[in-house]
Amino acid sequence: MSTGYVWHELYGWHDTGSSAGFVYGNAPAGLQPFRHYESADSKKRLHELVAMCGLEDDLVRVVPEPASDDDLLLVHDRAHVERIAAESRLPKGGDAGDGFSPFGQGGDEIARLAAGGTIAATRAVLEGRVDNAYALVRPPGHHALPHMGMGFCVFANVAIAARVARARLGAGRIAVVDWDVHHGNGTQAIFYDDPTTLAISIHQDNWFPPDSGHLHERGTGDGEGATLNVPLPPGSGNGAYLAVMDQVVLPALERFRPDLILVACGFDANVLDPLARMMVTSTAYRTMTSLLLDAASAICGGRIVFSHEGGYSEIYVPFCGLAVIEALAGTKSTVEDPFVGLLDEIGGQPLQPHQAAVITQAADLLAGIPAAG
Ligand code: 9RB
Ligand code: ZN
């Protein structure tokens with residue numbers, strides 16, 4: 001098994017500035033400035049763990065290029081692309097659109113490199129240079145809309161890679177599986193009327209964006225049924241996530257039969273994340289990855305690409321990410337997750353009845369997914 005791996009030092013230099021979480025500080029009013037939630041450390045520390053434990057030697061390094069205007073314009077409108085470029089030239093940078101998504105001077109180039117990293121990983125898989133790939137990119141992408149960024153995202157990395165794959169790399173049907181704990185509203189909006197792209201999002205019910213990602217959001221027009229949301233109750237852990245894979249995601253992939261699977265791979269459903277209230281550990285991330293790999297082997301020649309999204313525990317994201325990349329590469333490094341023994345046994349890890357009820361409701365929607373012709 002050969003696994004492509006994208007990382008670039010500039011990803012660590014995307015500058016979300018000084019704020020208190022995502023609230024800009026006002027020190028005299030009592031809000032002491034701190035760093036933005038979306039800081040570099042969780043991602044840098046994942047990369048450094050991959051390098052330190054020797055796993056990097058088993059991976060094929062894929063070098064990202066900045067996404068071109070043509071790439072970005074497959075998803076975004078020209079006004080958004082031009083506004084990001086213009087604000088990126090300002091001494092203090094700008095904001096991707098919603099006021100919570102700041103970037104520093106030169107941020108345009110880094111955001112293009114993030115989209116370009118997901119594209120490069122996808123290209124490497126579709127051209128057969130690697131079996132599968134992990135793009136450890138930053139800033140994330142799944143909230144970005146055609147006309148604006150939001151939720152720390154500047155450009156829609158996964159959606160852009162999907163459009164490039166369809167337009168230039170011969171992929172017909174594409175499935176996006178988004179297990180970031182927040183709703184993948186950008187990906188959903190971009191493909192809402194598109195029957196060729198199945199967008200599945202598993203997220204914490206009604207968190208971010210507010211009032212988004214409900215079960216009844218299922219796509220429109222020709223795209224009806226090709227959007228599938230699984231809004232899990234807060235407190236969902238490994239049992240709930242594995243049940244979602246088993247009862248919703250895998251049957252959905254089986255029915256849709258994509259040529260390529262893209263995973264919007266956030267780690268903010270992990271039990272130590274400060275920006276959500278879920279309980280996933282590296283155990284479930286490893287198993288979910290293996291299940292998707294098996295599905296990809298059965299359905300689409302193993303073609304699967306993971307693109308990093310959110311995840312804000314600087315301590316725990318690296319071990320969750322390591323588990324995913326190990327599973328992709330079919331290896332186990334010498335480093336063990338030092339927390340997992342404790343975290344796997346926390347009360348509430350098994351599937352709970354109120355979680356199962358939501359999963360059943362999502363599974364009832366499977367018949368509406370446009371089946372492969
Ligand atoms: C604020 C609001 C948020 C909350 C969560 C995220 C997570 C993003 C991520 C981003 C922005 C709202 C501060 C709404 O990890 N995605 O994968 N901001 N939330 N209103 N206000 C005032
Ligand atoms: Zn997230």
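The values are calculated or read from the model by the stated rules, or taken from the named source; none is laboratory data. Quantities reported herein were computed from a predicted structural model and do not represent experimental measurements. All Cβ positions, glycine included, derive from the backbone under ideal geometry; neighbour counts span all protein chains shown. For accessibility, only protein heavy atoms count, side chains too; no ligands or nucleic acids. Shrake-Rupley method; radii C 1.70, N 1.55, O 1.52, S 1.80 Å.
Just how far, in whole angstrom, is the range 47-72 from the range 256-292 if you go by their alpha carbon centroids? Cα centroid to Cα centroid, the span is 19 Å. Estimated from helices alone, the mean residue ellipticity of the chain at 222 nm is -10000 deg cm²/dmol (sum of -39500 (n - 2.57) over DSSP H runs with n ≥ 4, per residue). About the centre of its Cα atoms, the range 241-338 shows a dipole size close to 240 debye [charges on the beta carbon of Lys, Arg (+1) and Asp, Glu (-1) only; nearest 20 debye].
When both the range 167-182 and the range 117-157 are represented by their alpha-carbon centers, they are found 10 Å apart.
Extension gain for E109-A367 works out to 88.6 nm (0.36 nm per residue, less the C-alpha to C-alpha distance).
For the chain, set up a Gaussian network in which alpha carbons nearer than 10 Å are linked by springs, and say which option among N206, N238, N229 fluctuates the most. Looking only at N206, N238, N229, the biggest GNM fluctuation is shown by N206. Label the range 167-288 by shape, choosing from rounded, prolate and oblate, from the square roots a ≥ b ≥ c of the eigenvalues of the Cα gyration tensor; if a/c is under 1.5 it is rounded, and otherwise prolate applies when a/b is larger than b/c, oblate when it is not. Verdict is prolate for the range 167-288. Placing pseudo-labels 7 Å out from each Cα toward the beta carbon at E254 and S68 gives an inter-label distance of 4.1 nm.
Heavy atoms of the protein only, probe of 1.4 Å, neighbouring chains included. What is the accessible area of D41 in Å², nearest 10? For D41, the solvent-accessible surface is approximately 60 Å².
Computed from the alpha carbon atoms alone, the convex hull of the range 100-165 holds 76 Å³ per residue. What is the range 7-90 by shape, rounded, prolate or oblate, if you read a ≥ b ≥ c off the alpha carbon gyration tensor as root eigenvalues and call it rounded for a/c under 1.5, prolate for a/b larger than b/c, and oblate otherwise? Cα axes put the range 7-90 in the oblate bin. With all protein chains in place and a 1.4 Å probe, the accessible surface of the chain carries 54 percent carbon and sulfur.
Within the range 43-104, the ratio Rg/Rh, alpha carbon atoms throughout and Rh by Kirkwood, equals 1.14. Applying the Kirkwood pairwise sum to the alpha-carbon positions of the range 118-224 produces a hydrodynamic radius of 14.3 angstrom. Once you have a ≥ b ≥ c as the square roots of the Cα gyration tensor eigenvalues for the range 217-373, tell me rounded if a/c is under 1.5, and otherwise prolate or oblate according to whether a/b is larger than b/c. Oblate, since a/c reaches 1.5 and b/c is not below a/b. Straight-line reach only, C-alpha to C-alpha below 17 angstrom: list the aspartates and glutamates that K43 could link to, leaving out same-chain residues fewer than 8 apart. Cross-link targets: E9, D15, E56, D180, D268, D273, E309, E314, E326, D337.
Its relative contact order, with pairs defined as Cα atoms under 8 Å and 6+ residues apart, puts the chain at 18 percent. Residue ranking by accessible heavy-atom surface, 1.4 Å probe, largest first, among K43, K92 comes out as K92, K43. Quick one: putting +1 on the C-beta of Lys and Arg, -1 on the C-beta of Asp and Glu, what dipole do you get for the chain around its Cα centre, in Debye to the nearest 20? Computed about the Cα centre, the dipole is about 320 debye. Selection among I299, V249, M278 by position relative to the dipole of the range 236-343 gives I299 as farthest towards the positive end (Cβ unit charges, Cα centre). Given in Å, the Rg to one decimal and the Dmax to the nearest whole number for the Cα atoms of the chain are 18.9, 63. Rolling a 1.4 Å probe over the heavy atoms of the protein chains gives the range 79-208 an accessible area of 28 Å² per residue.
Shown here for the range 112-142: trypsin sites (Lys or Arg not before Pro) in loop regions (DSSP other than H, G, I, E, B) with at most 14 other Cβ atoms within 10 Å, namely R129. Only Cα pairs under 8 Å and 6+ residues apart enter the sum, and on that basis the relative contact order of the range 3-131 stands at 33 percent. A simple spin-label model places the labels of F34 and A356 3.8 nm from each other, with each point 7 Å out along Cα-to-Cβ.
Backbone N atoms of the range 102-135 closer than 15 Å to the 7 Å Cα→Cβ label point of V60 belong to residues 120-135.
With a Förster radius of 41 Å applied to the beta-carbon distance between A20 and R89, the computed FRET efficiency rounds to 0.90. Positive end of the dipole of the chain (Cβ unit charges, origin at the Cα centre): among S39, A124, G12, the Cα lying farthest that way belongs to A124. Here the Karplus curve 6.51 cos²θ - 1.76 cosθ + 1.60, taken at θ = phi - 60°, turns the phi angles of the range 322-328 into couplings of 4, 4, 5, 5, 4, 5, 4 Hz, with x standing for Gly and Pro. If you roll a 1.4 Å probe over the heavy atoms of the protein chains, what accessible area per residue do you get for the range 302-345, in Å²? With all protein chains present, the range 302-345 gives 33 Å² per residue.
Shown in residue order for the range 34-51 are the 3J(HN,Hα) couplings computed by the Karplus curve 6.51 cos²θ - 1.76 cosθ + 1.60 at θ = phi - 60°: 9, 9, 5, 3, 7, 9, 6, 4, 4, 7, 4, 5, 5, 4, 5, 5, 4, 6 Hz (x for Gly and Pro).
Binning the C-alpha pair distances of the range 281-365 at 10 Å intervals from 0 yields a P(r) profile of 14, 37, 37, 12, 0 %, listed from the shortest bin outward. Each of the GluC sites (Glu not before Pro) that DSSP puts in a loop and that has at most 10 other Cβ atoms within 10 Å breaks the chain; the longest unbroken stretch is 128-344.
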